[in-house]
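Participant: I am attaching a structure below and will ask some questions about it afterwards.
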Amino acid sequence: MQSLQRLPGVKTIGIGSGQSKPLIRGLGFNRVIVLDKGIKHEGQQWGADHGLEIDQFSVDEVEILKGPASFVFGSDAIGGAINIKRPPPPAPHSFGGDINLIGKTNNALLGTSVNLFKRTNKWFATGRFTLQDYGDYKVPTDRLYVYDFAVDLHQNYLRNTAGRETGLHFSTGYLGDTFRSTFYVSNTYSKSGFFANAHGLEPRRVDAALHDRSSRDIQTPFQKVNHFKVINHTEIRLANHQLEIESGFQNNFRQEYNNYVNHGYMPAIYPDSLNIPKNLEREFDKNVYSLNAKDAFQLGNHELQLGMNAEIQNNNINGWSFLVPAFDQKSLGAYVYDKLWISDRLLLHGAVRYDHIDLNLYRYEDWFQSPSSENGAPSYLVRADNMNRSFNSLTGSVGLNYNISQWELKANIGKSFRAPIAKELSANGVNYHYFSYEKGNPNLSPEESYQADLGVVFSSTKLRAEASPFFNYFPNYIYLNPTSDHDYFYGAGNQVFEYSQARVIRYGGELQVKYQPWENLSAEMLGEYIYAKQLSGDKTGYTLPFSPPASALFNITYKPIHTGVLHHTYLSVDYRITATQNNIVPPEKKTEGYSLVNVQAGTSFPFQNNNIQLSLQVQNLFDTKYLNHTSFYRLIGLPEQGRNLVLSLKIPFHFSKSHITEN
Amino acid sequence: MKRKQWIKNWLVASVALAAIASCSKKDSSIVDTEYPSIDVSASNSFPKQCSEIQRGQKFIAMIHVSDNKELGSLNVDIHHNFDHHSHSTEVNDCSLNPVQTPVNPLVLIKSISVPAGQTKYVAQQEIEIPADIDPGDYHFLIRITDKEGWQTIKGLSIKIK
């Protein structure tokens, strides 16, 4: 996911140990969807402390959709979408595979991914197994201050950020001329530690000797995340209709383990009678059933697409700490998309979509008693009550593409939406990791976004330039507002963070210029800028949280042509300058600008009729100490990873006689 | 010809972005981005890091808080640190008692009212420590917000004897 960061307009929210969440033009969490082989990936997107449950080795091609993409995907694609495409099937009559090896120096990561594939003419099967194991990661400092509390780091290791990941994938399918159907089954699992000295933002004293004994062990606090998925994609061609059906089942199971700490009014000693395991702080268990269907056909000079999406979710919770209640969700949407060719140069397109979402939230009571009023008798507080909400939404967009000689113009305006999530409607718990009492708002309306996008592209043989400005208006952006109050009963004395809605404007854009004076040398500049401002409510005048600072990336790539047995050889240097971010909103901190240098090099060479690919990256070449404004740990001033060498090797092999190289 | 076009393209693109960028400059300085502060070093501030408090007695907490614009709400929280879990935000550690198992530890969460419109305030709050609670290491956590929602936290290690 972090490799996407190079793309202008795409950032990630770092959450430690190389894990991250996507941020498109400053919007993330439930405002960006990740589409995996046509099906919306559903984990715990709202949470700031775990990554995307996708095995990077299984990813072949990723497409980024910046801006509202709701009309194809429904709720949540209000900020954009990350589309992980279906990998192309193996070539006919092939039988082979490849072995990937990866090593990273910063967190001593070792990984491998082994892939096998076989295809007759119309039938194929593939299998993949991935294993990655990494130690605590290193930062360019030996002392941190969590609030004012000094934390000494043993040999620059960020205590307890080690982890391991496994991925298992299997696919099989039939590829006929008029009928194609493929099943994809996968399971990803990870176990990773949280930085021990600050669980969330809460300073914790730790047994340093225990943690520092090994940089590879995983002690508490840690999390386990398992994601199981079955997806089917079926395509039928009838006359001039192309019918596609995507169906899927997913189970996301996440557990957070921590030593019991009695916060607020929780009992000092964990009661034996409680049937929640003593170290299980949180558990989220989610089942998702999805179905998408669409029909694409030609009608005169109209290219039409009719489609529908349906999803059913069951969410259960466990653990001694409470943030979000259990809930069920059903959603159904339908759309029409039309592309109209006016001439060779001008394309008009438009879409209309209607969605209906039903949400059922379930009651949750504390397992311990708290005083419910000043000197009142203690009682079991109701943290969330049963609640039913339904949302309806009509969205759409219109746009045009126009080409003249070397110029291309794209313009689009549209409306997108997002239904409020369970946490926003009914959270009523203390998040001890943030010293906050998060209070949901049952009256939230679906968030709406109006956006205008422009794209101007110029391309010639040596130069390609693209500017993509956007303007975005939210009449009711849902925002977790830190108020000036503390709450004594439900909030156990913590600051009240209340979900509210505000008018928000956002604008900005990306600029990409690539200049290639010679065949073997190119230079590139990628720039981005975002501005956001709240126009109403308690935080009028403030920005939105996690606003990425302006940044520019300069790159020079050298690709020698005559290199003997070596092919695809390159050497590339990235220089990124990131501006200071002074535009903040409570509880953020201003973040100073920084510049970073990354170097990438690679080549491939033949070995027994196959091409072995070798690549080397040096990230943060000068071991620069810097803070990332969009990192989860920014508030406790945790610097980003120091210098990191990444070496990867891909060794393809083939069993069958016909020699076909796989991508 | 090529070169001219190249410059022109560059200009168009950068002017468009610059126009957008320049609009924002004036706004960011208007909003308040300053955190309130807690001064535990003032001479009459109490408790201080490593202060000792007696069971069965009252004491007066004296808390100095300030903000550049307007203070919000003030809150104190006393909870045990028998397991040495530590919220102390002070650099110097006090000598801690050995780890102990809580039986009847003190849990006290209290709001202290701050009059509206203040930028500086010295809160005085009488706090009574019951006689039957466990003695030992405790934390005294102070939380102050300002009107805009910025919060500052100070955690002090104290001993209840």
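Participant: Quick one: which residue in A:SER500, A:SER484, A:SER522 is part of a strand (DSSP E or B) and facing chain B (nearest Cβ under 8 Å)?
Facilitator: Testing whether each residue is part of a strand (DSSP E or B) and facing chain B (nearest Cβ under 8 Å) leaves just A:SER484.
Participant: May I ask you to list the residues in the stretch A:390-405 that are surrounded by 15 or more Cβ atoms within 10 Å (Cβ to Cβ) and not hydroxyl-bearing (Ser, Thr, Tyr)?
Facilitator: A:PHE391, A:GLY396, A:GLY399, A:LEU400, A:ASN401, A:ASN403
Participant: For the structure I just gave you, tell me whether B:GLY72 is modelled with pLDDT of 90 or more and either of a type in the set (Ser, Thr, Tyr) or not in a strand (DSSP E or B) (or both).
Facilitator: It is false that B:GLY72 is modelled with pLDDT of 90 or more and either of a type in the set (Ser, Thr, Tyr) or not in a strand (DSSP E or B) (or both).
Participant: Of A:SER343, A:SER379, A:SER393, which residue is among the hydroxyl-bearing types (Ser, Thr, Tyr) and under 29 Å from A:LEU27 (Cα atoms)?
Facilitator: Criteria check complete, one pass: A:SER393.
Participant: Still on this structure, I have one more. Test A:LEU571 against the criterion of being in contact with a strand residue (DSSP E or B) (Cβ under 6 Å, 6 or more places away or on another chain), at pLDDT below 95 and more than 14 Å from chain B (Cβ to nearest Cβ), and give yes or no.
Facilitator: Considered against the rule, which asks whether it is in contact with a strand residue (DSSP E or B) (Cβ under 6 Å, 6 or more places away or on another chain), at pLDDT below 95 and more than 14 Å from chain B (Cβ to nearest Cβ), A:LEU571 comes out as no.
Participant: Within the stretch A:72-117, how many residues turn out to be within 18 Å of A:TYR174 (Cα to Cα), assigned to a strand (DSSP E or B) and without any contact (Cβ under 8 Å) to a residue 60 or more places away in the chain?
Facilitator: Going through the stretch A:72-117 one residue at a time, the tally reaches 1.
Participant: Which of the residues spanning the stretch B:34-55 are part of a loop (DSSP other than H, G, I, E, B), open to solvent by 30 Å² or more (accessible area, probe 1.4 Å) and either of a type in the set (A, V, I, L, M) or within 13 Å of another protein chain (Cβ to nearest Cβ) (or both)?
Facilitator: Selection gives B:GLU34, B:TYR35, B:SER41, B:GLN49.
For every residue, the table says whether it meets (1) within 30 Å of A:GLN242 (Cα to Cα); (2) open to solvent by less than 60 Å² (accessible area, probe 1.4 Å); (3) at pLDDT below 95; (4) basic (Lys, Arg).
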position	(1), (2), (3), (4)
A:LEU144	no, yes, yes, no
A:TYR147	no, no, yes, no
A:LEU168	no, no, no, no
A:TYR174	yes, no, no, no
A:PHE179	yes, no, no, no
A:THR182	yes, yes, no, no
A:GLY193	no, yes, yes, no
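Participant: Oh, and also: Answer yes or no as to whether A:SER536 is out of contact with any helix residue (DSSP H, G or I) (no Cβ under 8 Å at 6 or more places or on another chain), farther than 21 Å from A:GLN451 by Cα and not acidic (Asp, Glu).
Facilitator: The answer is no for A:SER536.
Participant: Go through the residues of the stretch A:473-484 one by one and say whether even a single one is closer than 28 Å to A:GLY376 by Cβ, open to solvent by less than 20 Å² (accessible area, probe 1.4 Å) and without any contact (Cβ under 8 Å) to a residue 40 or more places away in the chain.
Facilitator: So far as the stretch A:473-484 goes, yes, one or more of its residues are closer than 28 Å to A:GLY376 by Cβ, open to solvent by less than 20 Å² (accessible area, probe 1.4 Å) and without any contact (Cβ under 8 Å) to a residue 40 or more places away in the chain.
Participant: Right, something else. Can you spot a residue in the stretch A:595-617 that is part of a loop (DSSP other than H, G, I, E, B), under 26 Å from A:ASP49 (Cα atoms) and open to solvent by 40 Å² or more (accessible area, probe 1.4 Å)?
Facilitator: There is no residue in the stretch A:595-617 that is part of a loop (DSSP other than H, G, I, E, B), under 26 Å from A:ASP49 (Cα atoms) and open to solvent by 40 Å² or more (accessible area, probe 1.4 Å).
Participant: Working carefully through the options A:PHE554, A:PHE632, find the one that is touching a residue at least 40 places away in the same chain (Cβ under 8 Å) and either within 27 Å of the chain's Cα centre (by Cα) or more than 24 Å from A:ASP136 (Cα to Cα) (or both).
Facilitator: After applying the criteria, what remains is A:PHE632.
Participant: Looking at A:LYS590, A:LYS559, which one is within 14 Å of chain B (Cβ to nearest Cβ), among the basic types (Lys, Arg) and open to solvent by 50 Å² or more (accessible area, probe 1.4 Å)?
Facilitator: Answer to the selection: A:LYS590.
Quick grid of which residues meet (1) touching a residue at least 40 places away in the same chain (Cβ under 8 Å); (2) more than 34 Å from the chain's Cα centre (by Cα); (3) more than 14 Å from every other protein chain (Cβ to nearest Cβ); (4) assigned to a strand (DSSP E or B):
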position: A:GLU244; (1), (2), (3), (4): yes, no, yes, yes
position: A:SER247; (1), (2), (3), (4): yes, no, yes, yes
position: A:ARG254; (1), (2), (3), (4): yes, no, yes, yes
position: A:ASN262; (1), (2), (3), (4): no, no, no, no
position: A:PRO267; (1), (2), (3), (4): yes, yes, no, no
position: A:VAL288; (1), (2), (3), (4): yes, no, yes, yes
position: A:LEU291; (1), (2), (3), (4): yes, no, yes, yes
position: A:LYS294; (1), (2), (3), (4): yes, no, yes, yes
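Participant: Determine which single condition A:ASN226 fails, assuming it passes every other condition in (1) outside any loop (DSSP other than H, G, I, E, B); (2) out of contact with any helix residue (DSSP H, G or I) (no Cβ under 9 Å at 6 or more places or on another chain); (3) buried (at least 20 other Cβ atoms within 10 Å of the Cβ).
Facilitator: Condition not satisfied by A:ASN226: (3).
Participant: Among the residues of the stretch A:124-142 satisfying the criterion of being open to solvent by less than 10 Å² (accessible area, probe 1.4 Å) and part of a loop (DSSP other than H, G, I, E, B), which is farthest from B:ASP39 (Cα to Cα)?
Facilitator: Only one residue fits best here, namely A:GLY135.
Participant: Identify the single condition in (1) modelled with pLDDT under 90; (2) away from chain B (no Cβ under 13 Å) that A:ALA419 does not satisfy, given that it satisfies every other one.
Facilitator: Status for A:ALA419: all satisfied but (1).
Participant: Exactly one condition in (1) surrounded by fewer than 20 Cβ atoms within 10 Å (Cβ to Cβ); (2) in contact (Cβ under 8 Å) with a residue 24 or more places away in the chain is false for A:ASN443; which is it?
Facilitator: (2)
Participant: Where residues in the stretch A:446-472 are of a type in the set (D, E, K, R) and touching a residue at least 60 places away in the same chain (Cβ under 8 Å), which of them is surrounded by the most Cβ atoms within 10 Å (Cβ to Cβ)?
Facilitator: Looking at the filtered set, the residue picked out is A:GLU447.
Participant: Report yes if A:LYS514 is surrounded by 21 or more Cβ atoms within 10 Å (Cβ to Cβ) and out of contact with any Pro (no Cβ under 6 Å at 6 or more places or on another chain), otherwise no.
Facilitator: No, not satisfied.
The values are calculated or read from the model by the stated rules, or taken from the named source; none is laboratory data. All values reported here derive from a predicted model rather than from experimental measurement. Please note: Cβ atoms are built from the backbone with ideal geometry, for glycine as well, and neighbour counts cover all protein chains shown. Heads up: the accessible areas ignore ligands, DNA and RNA and are worked out on the full protein's heavy atoms, side chains in. Shrake-Rupley method; radii C 1.70, N 1.55, O 1.52, S 1.80 Å.
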